[in-house]
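Enquirer: Below is a structure I'd like to ask you about.
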Amino acid sequence: MACCTTPYSSESIRRRVIGWWTVVQGILVAAALALFVALIWWPKVGLHAFWDVLIPAAPALVVLAPGLWRNICPLGTVSQLGRRVGGVRGLHIDARWQARMGLIGVVLLLVLVPLRHPWFNLDGIATLLLLVGAGVVALLVGFVFAGKSGWCAGACPVHPVERLYGTKSLLTVTSAHCKSCIRCVIPCPDTALGIRHGQGQSTWARKATWMIIVGGFPGFVWGWFQVPDGISIGAAEAWMWPFGGMLGTMVLWVLLRSALPNSDGWRLDALFAASAVSAYYWFRIPALFGYGVYPGDGMLVDLRGTVPAIVFDVTRVVLALLFVWWMVIRTPTPRPWMYKPPQEKTESASVAMTIGLTA
């Protein structure tokens, strides 16, 4: 008598599900190309669509369903084109270099995000070049490195945030990129149970990434919202507040971590993660409707005079409490972001080249 061990144990059903994911990915890649056109010909529309619609939705999606985000991210889709069209296996990376690539992603995130204020938020071509540059890098590392190891689980600047926010996923989805597992990353961030920063820290790069993204991110987010948009603002001023805030919360996190027993460390990390995403929406939701720290910056629709400010004050308090409950207090059954695809029959290590680099 047949026994179903997973929701997608039937190969035909699994392929059909992956096919639907492929359709969604194609639609989003087409939307990205349309965004590129808008950034050139209608920059105001393109800037609003990207910075004031897509980006504000992303943190909440990563909190609730990081697997869904990783399936539909256009840059992730682009990074996997080599596997789809040419069966590229690529180079396997050892754990130390995997950690270093993750740290590179964090550095890119921290350097680039403050530059939104003087350039990217205001200039369609600058945002276009940023997105095209990220797409080219994702495509290249996808061809060079095995599976998702180069971009999705490596140098992608968003991946450290996924691991920060996505520790209590609402659901588990089928992997749309991996038809079979080639063990490109161990442990796999998609299929491991409850993977988070701070687990298995054995290299300086992983420890540095953990400290920066968990301890420093709440202050970085807070500091980012203390800077106005404007072409007169230089890079130094754009970086000053986010990096200053990051240093402050990082020091606080280190002190609290050293004072707490190791068994309570994960809860402190979760509290800092909830603080980071709460700080983002605390400032971002009012700003979208004209009630930001700097009215007009990051505004999608001006509701001043139509909707009282108290509505947005209540909204951000409710969201902050919701994130704290979801990420800190709530104790769900641990679940991975994605179901593990079947193991490839041919041992990947025997057919793929390996990067033999030492620390």
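The values are calculated or read from the model by the stated rules, or taken from the named source; none is laboratory data. None of these values were measured; they are calculated from a predicted model. Because the Cβ atoms are built from the backbone with ideal geometry, glycine has one as well, and the counts that use them run over all protein chains shown.
Enquirer: Hey, could you check segment 85-110 for residues that are without any contact (Cβ under 8 Å) to a residue 24 or more places away in the chain and of a type in the set (A, V, I, L, M, F, W, C) and say which is nearest to Cys184 (Cα to Cα)?
Expert: Val85
Enquirer: Moving on to the next point. Kindly evaluate Val136 against the criterion of being among the β-branched types (Val, Ile, Thr) and over 20 Å from Trp97 (Cβ atoms).
Expert: So Val136 passes the test.
Enquirer: How about segment 21-119: which helices (runs of 4 or more DSSP H) wholly inside it have at least 3 residues that are closer than 26 Å to Leu322 by Cβ?
Expert: Where helices (runs of 4 or more DSSP H) fall fully within segment 21-119 and carry at least 3 residues being closer than 26 Å to Leu322 by Cβ, they are 55-64, 66-72.
Enquirer: Enumerate the pairs (first residue in segment 303-324 and without any contact (Cβ under 8 Å) to a residue 60 or more places away in the chain; second residue anywhere and of a type in the set (Gly, Ala, Ser)) with beta-carbon separation below 6 Å, excluding pairs fewer than 6 apart on the same chain, so at least 6 apart or on different chains.
Expert: Leu303/Gly290; Arg304/Gly290; Ala320/Ser278; Val324/Ala274
Enquirer: Considering only residues that are surrounded by fewer than 19 Cβ atoms within 10 Å (Cβ to Cβ) and of a type in the set (D, E, K, R), which ones fall in segment 90-119?
Expert: Matches in segment 90-119: Asp94, Arg96.
Enquirer: Could you list, in sequence order, the residues of segment 120-130 that are assigned to a helix (DSSP H, G or I) and either surrounded by 19 or more Cβ atoms within 10 Å (Cβ to Cβ) or among the polar types (S, T, N, Q) (or both)?
Expert: Matches in segment 120-130: Gly124, Thr127, Leu128.
Enquirer: Under the condition of being within 18 Å of Thr167 (Cβ to Cβ), crowded, with 17+ Cβ neighbours inside 10 Å and not hydroxyl-bearing (Ser, Thr, Tyr), which residue from segment 199-215 is modelled with the lowest pLDDT?
Expert: In this case the residue turns out to be Arg206.
Enquirer: Taking segment 172-190, which residues are over 14 Å from Gly76 (Cβ atoms) and either among the β-branched types (Val, Ile, Thr) or under 17 Å from the mean Cα position of the chain (by Cα) (or both)?
Expert: Passing the criteria: Thr172, Thr174, Ile182, Ile186, Cys188.
Enquirer: Now, a different point. Those residues that are under 30 Å from Thr167 (Cα atoms) and aliphatic (A, V, I, L, M), I need them from segment 33-66; list them, please.
Expert: Ala49, Val53, Leu54, Ile55, Ala57, Ala58, Ala60, Leu61, Val62, Val63, Leu64, Ala65, listed by residue number.
Enquirer: Residues being at positive phi and not in a loop (DSSP other than H, G, I, E, B): count how many of those fall in segment 301-324.
Expert: 0
Enquirer: Give Leu256, Leu271, Leu260, Leu252 a once-over and let me know the one that is among the aliphatic types (A, V, I, L, M), at pLDDT below 95, within 24 Å of Val63 (Cβ to Cβ) and surrounded by fewer than 22 Cβ atoms within 10 Å (Cβ to Cβ).
Expert: When all the criteria are applied, what remains is Leu260.
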